[in-house]
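*Asks:* Handing you a structure now.
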Amino acid sequence: MPQEGEHQGQADRGELPLDGSRNGNDAAVRPLWTRAFSLAIAVNFFISLVFYLLMTSMALYAVERFGASDTAAGLTTGSFVLGALAARIFAGKFLDFVGRRRMLLTGLLLYTVAALFYIPAGTLGVLITIRVLHGAAFGLASTAISASVMGLIPAGRRGEGTGYFGISATLATAVGPFLAVLLVDRTSYDVLYMVTAACAAASLLTALALRLPERTLTAAETAAKWRMRPADFFEPRAAAVASVMLVAGAAYSGVLTFLNSYAQEKDMVAAASAFFLIYAGIVFISRFVVGRLQDIHGDNAVVYPILTSFAIGLGLLAWAPNTSVLALAGAFVGMGFGALMPTAQAIAVTVAPDHRIGIATSTFFLMLDAGIGLGPFLLGLLIPLTGFSGMYAVLTAVVAAAMVLYHFVHGRLAGRNAVA
């Protein structure tokens, strides 16, 4: 049997199979923290940082620069995610044909180039077009890195490893909104977009040093390369839990897109910054605990409390009589949506066969992107009717409905398996 050091070298060179182990006993021996795994976390951090820098500032930019309505501002924000959604449809199918590293580098090159065009965008229509193209590049790169990292994680530590990988996005949720507000307040949107392009370039440079595990395609897969059936783009087993992420993503888009505007309306801008810092801090801590609890006690033991926390956080936002309550909401949303993402992703890739992990990952993020992308547009239609407080009250009920949905698509089955 190869020794631990040999396993680490193999993982760094991308020679280990994508199921996370070489044989039945190997998953317990092979280390989680390899050079490749650490580099993947760094790449994902920069990818996510660009996302949050833009997502939390774009609605206000569209209003201030082009006089956009709430609906148009929501569309400008969400169009990035809609572009990502379109790209993921094909990324999951062709990931192993193109090559995981090749797709990652191609996506990140386009990601960097597209970031350079925000400054010269002179009309709202051009800005939305750039957002769609930038989002498509994001979809390629994030699908490649999220699917490939599963091959770097031992199968028996998938919940834990996915949680650690998600820390990179957690840090981005703290740094991105805070940095965006700081740059816009003290400099200009042009400086913000230059920083965004630099972060995209950093993701590309880091990825050049990363070697990812590649799958050897079967003869049947090669023969079906150009076949375009729904099953070639969509993994039904992953779609069940991903449907929960569709609903949760739409709810969280209300936080991402409109929290700054809500805070300005209530004269609580400082509390909005604190919200994201507290959110990130809670998620960071949860990633060291929730994944292990999921591996040991099962999915239901963590998902139901997580969704409950998310609903409480949105309820606090709807109420928010002062800055303390608004900031406290960040803790509950962090333990809610922030912890839900890696938990649900671990479920999605676990229920799918190993050879369809790429498609399962794509399916998961397709549904999540659809929620986050369509949410701002739909909520932009709702806000004139309910106001921001009313919108968050509606989203509280939406997350409660997501808990019921989870029970029927996965929770009742997971509960039976736990009893068995």
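*Asks:* Using only helices, what value at 222 nm comes out for the chain when you add -39,500 (n - 2.57) per DSSP H run of length 4 or more and divide by the total residues, to the nearest 500 deg cm²/dmol? Numbers along the way, then the final one.
*Replies:* On the way: 18 runs with 324 residues, N = 420.
Rounded to the nearest 500, the figure is -26000 deg cm²/dmol.
*Asks:* Here's a follow-up. Can you give the Kirkwood hydrodynamic radius for the range 231-377, in Å, rounded to one decimal and based on Cα pairs? List each step's numbers first, then the result.
*Replies:* Numbers: mean 1/r = 0.0633 Å⁻¹.
Result for the range 231-377, one decimal place: 15.8 Å.
*Asks:* While we're on this one: Per residue Cα convex hull volume for the range 226-312, in cubic angstrom? Could you put the intermediate results ahead of the total?
*Replies:* Numbers: hull volume 12.9 nm³, N = 87.
Hull volume over Cα atoms, normalised by residue count, gives 149 Å³.
*Asks:* Using the Cα atoms as the points, what is the convex hull volume per residue of the range 91-237 in Å³?
*Replies:* Residue-normalised Cα hull volume stands at 147 Å³.
*Asks:* Then there is this: Over all directions, what mean area does the Cα convex hull of the range 77-163 project, stated in square nanometres? Display every interim value, and only then the final one.
*Replies:* Working: hull surface 25.4 nm².
Quarter of the Cα hull surface area: 6.3 nm².
*Asks:* With axes computed from alpha carbons, what is the tilt in degrees of helix 124-148 against the longest principal axis of the chain, rounded to the nearest 10 within 0 to 90?
*Replies:* 30 degrees
*Asks:* Sticking with this one: Using each residue's phi in the range 342-359, evaluate 6.51 cos²θ - 1.76 cosθ + 1.60 at θ = phi - 60° and report the 3J(HN,Hα) Karplus result to the nearest Hz, with x for Gly and Pro.
*Replies:* x, 5, 5, 5, 4, 5, 4, 7, 6, 6, 8, x, 4, 6, 10, 4, x, 5
*Asks:* Another question about this same structure. Rg/Rh for the chain: what does it come to with C-alpha atoms and Rh from Kirkwood?
*Replies:* Details: Rg = 20.5 Å, Rh = 21.4 Å.
Rounded to two decimals, Rg/Rh equals 0.96.
*Asks:* For helix 323-333, what angle does its Cα long axis make with the longest principal axis of the chain, in degrees from 0 to 90 and rounded to 10?
*Replies:* It works out to around 20 degrees.
*Asks:* Sort the range 293-406 into rounded, prolate or oblate with this rule: let a ≥ b ≥ c be the square roots of the eigenvalues of the Cα gyration tensor; rounded if a/c is under 1.5, and if a/c is not under 1.5, prolate when a/b is larger than b/c, oblate otherwise. Walk me through the numbers before you get to the answer.
*Replies:* Details: a/c = 2.78, a/b = 1.57, b/c = 1.77.
Because a/c hits 1.5 or more and a/b fails to exceed b/c, the range 293-406 counts as oblate.
*Asks:* Step through the residues of the range 102-114 one at a time and calculate ³J(HN,Hα) from phi using the Karplus curve (6.51 cos²θ - 1.76 cosθ + 1.60, θ = phi - 60°), rounding each to whole Hz and writing x for Gly and Pro.
*Replies:* 5, 5, 4, 5, 4, x, 6, 5, 5, 4, 6, 5, 4
Any read-out appearing in this document is the output of simple, stated calculations on the displayed coordinates, not a laboratory observation. All of these numbers come straight from a predicted model, not from anything done at the bench.
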